1. For Gly67, all conditions in the list (1) exposed (fewer than 15 other Cβ atoms within 10 Å of the Cβ); (2) out of contact with any Phe, Trp or Tyr (no Cβ under 8 Å at 6 or more places or on another chain); (3) closer than 23 Å to Ala333 by Cα; (4) not acidic (Asp, Glu) hold save one; what is the number of the exception?
2. Among (1) surrounded by fewer than 16 Cβ atoms within 10 Å (Cβ to Cβ); (2) closer than 23 Å to Ala139 by Cα; (3) out of contact with any Pro (no Cβ under 9 Å at 6 or more places or on another chain), there is one condition Gly185 misses while meeting the rest; what is its number?
3. Filter the range 162-194 down to the residues that are of a type in the set (Ser, Thr, Tyr) and not in a loop (DSSP other than H, G, I, E, B), then identify the one that is farthest from the ligand (Cβ to nearest atom).
4. Scan the range 264-285 residue by residue and report those that are within 16 Å of the ligand (Cβ to nearest atom) and touching a Gly at 6+ places or on another chain (Cβ under 7 Å).
5. For residues that are hydroxyl-bearing (Ser, Thr, Tyr) and open to solvent by less than 10 Å² (accessible area, probe 1.4 Å), scanning just the range 114-143, find the one that is farthest from Ala63 (Cα to Cα).
6. For Thr213, indicate whether it is polar (S, T, N, Q) and open to solvent by less than 10 Å² (accessible area, probe 1.4 Å).
7. Just checking, which of Gly322, Gly301, Gly315 is more than 17 Å from the chain's Cα centre (by Cα) and on the phi > 0 side of the Ramachandran plot?
8. Of all the strands (runs of 3 or more DSSP E) wholly in the range 231-324, which have at least 1 residues that are open to solvent by 10 Å² or more (accessible area, probe 1.4 Å) and out of contact with any strand residue (DSSP E or B) (no Cβ under 6 Å at 6 or more places or on another chain)?
Amino acid sequence: MNEHTPRPDGGVAPPAWTRDHAAAIERSDDTVAPIIYPPEAPVDPELHIWDTWFLRERDGSIADIDGYRVILALTSSSELLPGKRHDVATIRYFYSRDGENWETGGPVFDVDEKGPLGSRQWAGSALYDEGTVYAYYTASGRRGEEELTYTQRLAVGHGGTVETTENELRIEGPWTHDVLLEPDGEYYETESQSRGMIYTFRDPWFFEDDGTTYLLFEANTPVPEGSDACGGDAAQQEFNGSVGIAESPTGDPTEFELRPPLLDAVCVNQELERPHVVRRDGRYYLFISSHDHTFAPGLDGYDALYGFVADSLHGEYEPLNGSGLVLTNPVNAPFQAYSWLAYDHGDELLVTSFFNYFEFDRPSLDEVAVLPESEQLRRFGGTLAPTVRLQLDGNETKVVGTLGHGHLPVASEELPESWWDRGERLPN
Ligand code: FRU
């Protein structure tokens with residue numbers, strides 16, 4: 001239990017991911033994914049595709065719409081330098097009958113004066129409820145702004161519908177866009193309170209538990225200057241990530257109230273990204289993605305999927321595998337994948353992510369010279385990564401193989417026999 005978190009209700013601090021936990025982060029056979037090679041065909045060669053999520057029912061199951069499953073993803077033109085993509089991110093949808101071959105549907109929202117709030121959209125989640133689509137997203141910046149700003153608000157576009165034919169699925173408006181939540185400055189840090197790296201208040205993730213409707217999100221815990229958190233170490237205090245939660249008092253998926261965070265990582269890590277929960281055997285597995293460079297001074301983590309488990313949604317989360325590390329990239333390709341999303345499949349979990357930076361095999365000088373320095377020695381995958389198969393046993397997890405790039409089976413589909421794929425792994 002940590003004692004640094006200011007709580008307006010005078011209550012106890014949330015469970016913590018501590019420096020002791022994080023100091024134990026270390027690659028092992030059970031936590032390293034096989035090396036990724038570029039796919040024969042990306043999902044869409046004209047697009048960079050990164051953070052991805054399913055269209056789901058209220059109970060969390062993947063929506064089956066006349067035999068199609070749907071994913072939504074952050075996208076940009078693939079002509080852009082990958083580092084620029086966050087500034088223009090647009091949510092597009094893709095659909096598939098077999099979970100392997102994806103068709104591009106197009107942008108989810110029309111961009112006009114009634115379009116999405118913010119100047120671009122960052123990650124979210126999507127609910128299909130009684131024929132209506134609720135597309136949750138992070139409204140980043142302000143609509144129509146001339147200079148990019150980094151304000152982040154949790155928003156939803158609702159009112160969308162889905163039409164299908166034999167060969168096509170279309171998500172159509174008109175949409176109504178609402179801001180759902182902004183940070184309150186007490187549980188959740190505001191932009192002006194932020195002391196270090198850019199603050200976070202993003203990645204709304206819809207979740208229902210025992211009939212109660214929630215949104216989880218990525219946030220930060222306010223740590224005022226002069227606080228005695230982290231033994232008073234000001235540099236460590238700037239790393240203050242949290243997993244936020246809000247509740248809908250009526251179950252209305254467009255009305256939420258902030259509640260105290262589920263978990264925080266003050267003195268440990270600045271970004272607990274895209275939080276989501278998988279319920280299994282009466283326990284709650286909470287997953288986040290985080291980066292090597294967002295760990296506090298004196299700690300060394302990886303770009304990885306981290307996980308925690310508790311006996312109830314608001315329970316005492318303990319890090320999985322002792323440190324929290326669940327799935328990372330091989331040491332010789334440490335940035336090959338990011339933004340992992342775990343979902344239930346029978347006895348196992350499947351984990352999707354996007355194919356991120358990998359190194360040139362043999363860069364030719366001509367190829368390299370036209371690129372800015374930051375892009376010269378690496379390429380951007382910009383498509384879905386191979387799906388990773390995980391076994392879960394109490395507080396322990398184990399990587400047991402992969403599926404193809406962007407192969408996303410639903411629970412009713414058998415997993416192919418042939419994908420015990422550790423043979424491809426290069427030594428740690
Ligand atoms: C993770 C992330 C999300 C954010 C998005 C912006 O990959 O940082 O938290 O919504 O990327 O592109």
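1. With (1) exposed (fewer than 15 other Cβ atoms within 10 Å of the Cβ); (2) out of contact with any Phe, Trp or Tyr (no Cβ under 8 Å at 6 or more places or on another chain); (3) closer than 23 Å to Ala333 by Cα; (4) not acidic (Asp, Glu) applied to Gly67, the lone miss is (3).
2. If we test Gly185 against (1) surrounded by fewer than 16 Cβ atoms within 10 Å (Cβ to Cβ); (2) closer than 23 Å to Ala139 by Cα; (3) out of contact with any Pro (no Cβ under 9 Å at 6 or more places or on another chain), just (3) comes out false.
3. Here is the first cut: in the range 162-194, the ones of a type in the set (Ser, Thr, Tyr) are 164-165, 176, 187-188, 190, 192, 194.
Restricting the remaining residues to those that are not in a loop (DSSP other than H, G, I, E, B) gives 164, 176.
Working: Thr164: 29, Thr176: 22 Å.
My answer is Thr164.
4. First, pick out the residues of the range 264-285 that are within 16 Å of the ligand (Cβ to nearest atom): 265, 269-276.
Across the range 264-285, the qualifying residues are Ala265, Asn269, Gln270, Glu271, Leu272.
5. We begin by selecting, within the range 114-143, every residue hydroxyl-bearing (Ser, Thr, Tyr); these are 119, 125, 128, 132, 134, 136-138, 140.
Now drop any that are not open to solvent by less than 10 Å² (accessible area, probe 1.4 Å), which leaves 125, 136-138, 140.
On the way: Ser125: 13, Tyr136: 16, Tyr137: 18, Thr138: 22, Ser140: 27 Å.
Only one residue tops the list, namely Ser140.
6. Values: polar (S, T, N, Q): yes; open to solvent by less than 10 Å² (accessible area, probe 1.4 Å): yes.
Yes.
7. Numbers: Gly301 fails: on the phi > 0 side of the Ramachandran plot; Gly315 fails: on the phi > 0 side of the Ramachandran plot.
That would be Gly322, the only listed residue that is more than 17 Å from the chain's Cα centre (by Cα) and on the phi > 0 side of the Ramachandran plot.
8. On the way: elements: 240-248, 257-266, 273-280, 283-290, 304-310.
The strands (runs of 3 or more DSSP E) meeting that bar are 257-266, 273-280.
The values are calculated or read from the model by the stated rules, or taken from the named source; none is laboratory data. Quantities reported herein were computed from a predicted structural model and do not represent experimental measurements. Glycine also receives a Cβ, built like all others from the backbone with ideal geometry; neighbour counts cover every protein chain displayed. Remember, those area values only see protein heavy atoms, side chains included, never the ligands or the DNA or RNA. Shrake-Rupley method; radii C 1.70, N 1.55, O 1.52, S 1.80 Å.
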